Amino acid sequence: MSTAGFSSHDAAAIDKLRAAKQKITEQLAQVIVGQTNVIEELLISLFCRAHCLLEGVPGLAKTLMISTLSRTLSLTFSRIQFTPDLMPADITGTDVIEENRTTGAREIRFLEGPLFSNVILADEINRTPPKTQAALLEAMQERQVTVGRVRHKLPDPFFVLATQNPIEQEGTYPLPEAQQDRFMFKVFVKYPSFDEEFEIARRTTTVMTDNIQPVLTAGDIIDLQRIVREVPVSDHVIRYTLSLVRQTRVREPGVPDFISDQLNWGAGPRAVQFLILGGKARALLQGRTHVTCEDIQALAKPVLRHRLVLSFTAESEGITADDIVERLLEITPTREDELTRDARFQKIFAS
């Protein structure tokens with residue numbers, strides 16, 4: 001593996017990242033059958049210091065996957081079951097009055113809520129009201145919570161791994177676009193294959209034990225997050241990423257005609273940032289120290305699917321955000337000369 005541009009210390013850290021992925025995957029395999037792509041995307045978000053949203057029907061081990069992942073890391077973990085009656089103070093914490101039994105004096109002390117952990121499992125996040133979602137939004141973006149007039153810093157590293165159920169919408173509060181945008185990935189957890197479900201049935205209907213061992217410490221994760229950001233990326237890959245994302249913005253120069261019909265709103269700059277960061281992490285996990293257009297293509301759907309607002313026309317025709325992303329990938333050249341010479345993309349570059 002070429003490590004040009006990296007020090008020997010960083011090259012060792014890169015090898016450590018790949019080894020960590022292998023060890024975490026082996027630990028998860030004791031409990032989780034299959035779901036290889038889901039696990040890889042979870043790890044990429046972890047190494048990019050980002051949050052991840054998992055969507056899937058009940059019974060696909062979303063909660064088990066996240067809780068088991070937390071056990072492979074030497075980090076504090078909190079599971080928050082989101083319900084319609086959950087209030088902001090229930091997750092952020094609250095001020096309490098304590099009396100000193102010796103002096104009789106009273107003082108206000110902040111009692112930390114479950115958000116004060118490294119890994120947060122926000123289970124069925126779309127079941128809680130907007131007020132509580134807003135408190136979580138501050139924690140995700142600012143990595144702090146505000147109680148009264150006082151800001152309280154959250155621990156580092158800090159990850160929110162949230163789940164939601166796509167089929168049971170009664171009594172739910174759909175996540176606002178602003179909050180969805182804070183998640184790096186929206187990962188679809190799909191049904192297992194026949195062989196995978198056979199193994200699930202065999203394992204879970206007998207006596208079985210696991211021996212999950214921690215693989216990474218908080219310091220290891222922070223160090224690996226720094227290494228990810230130091231991975232070089234060429235101007236061409238940045239230009240390709242911008243071209244892909246900017247084509248989703250309705251009524252902008254160079255946007256394909258079908259976008260205006262199928263989208264009401266496109267992705268913002270955060271999508272570009274997450275695509276490039278994710279491409280860096282994916283490159284390292286695959287043993288490369290540079291990002292390619294293939295890395296961007298591989299992550300385009302989980303990064304963009306929750307940032308595209310479909311039009312009524314698209315929804316009525318059964319077109320999904322993934323369909324639109326797939327079509328954009330097909331019409332966006334990966335070769336630099338083809339991209340820069342295309343008249344339509346020249347309008348995008350000039351806008």
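Here are the numbers for the structure shown:
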read-out: Among (1) in the same structural domain as Ile238 (by TED's automatic domain parsing); (2) touching a residue at least 24 places away in the same chain (Cβ under 8 Å) - the single one Ser351 does not satisfy; value: (1)
read-out: The one condition in (1) of a type in the set (Lys, Arg); (2) closer than 26 Å to Glu177 by Cα; (3) in contact with a Ser or Thr (Cβ under 9 Å, 6 or more places away or on another chain) that Lys301 fails to fulfil; value: (3)
read-out: Hits in the stretch 169-201 - residues which are at pLDDT 85 or above, outside any loop (DSSP other than H, G, I, E, B) and surrounded by fewer than 13 Cβ atoms within 10 Å (Cβ to Cβ); value: Phe194, Asp195, Phe198, Ala201
read-out: So Glu315, is it of a type in the set (Asp, Glu), farther than 16 Å from Leu242 by Cα, loosely packed, with under 14 Cβ neighbours inside 10 Å and assigned by TED's automatic domain parsing to the domain that holds Arg282; value: yes
read-out: Matching residues in the stretch 135-165 - criterion: being part of a helix (DSSP H, G or I) and loosely packed, with under 14 Cβ neighbours inside 10 Å; value: Gln141, Glu142
read-out: Out of Arg307, Arg327, sole residue that is assigned to a helix (DSSP H, G or I) and in contact (Cβ under 8 Å) with a residue 24 or more places away in the chain; value: Arg327
read-out: Lone qualifier among Leu60, Leu53, Leu46 - being in contact with a Lys or Arg (Cβ under 8 Å, 6 or more places away or on another chain), closer than 21 Å to Leu299 by Cα and outside the structural domain of Gln273 (by TED's automatic domain parsing); value: Leu53
read-out: Residue that is touching a residue at least 12 places away in the same chain (Cβ under 8 Å), assigned to a loop (DSSP other than H, G, I, E, B) and farther than 27 Å from Ala61 by Cα, where the choices are Pro214, Pro253; value: Pro253
read-out: Selection within the stretch 324-351 - loosely packed, with under 14 Cβ neighbours inside 10 Å and within 25 Å of Cys52 (Cα to Cα); value: Glu326
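The values are calculated or read from the model by the stated rules, or taken from the named source; none is laboratory data. Computed from a prediction, not measured in an experiment: that's the story for all the values here. In this analysis, Cβ positions are derived from the backbone assuming ideal geometry, glycine residues included, and neighbour counts consider all displayed protein chains.
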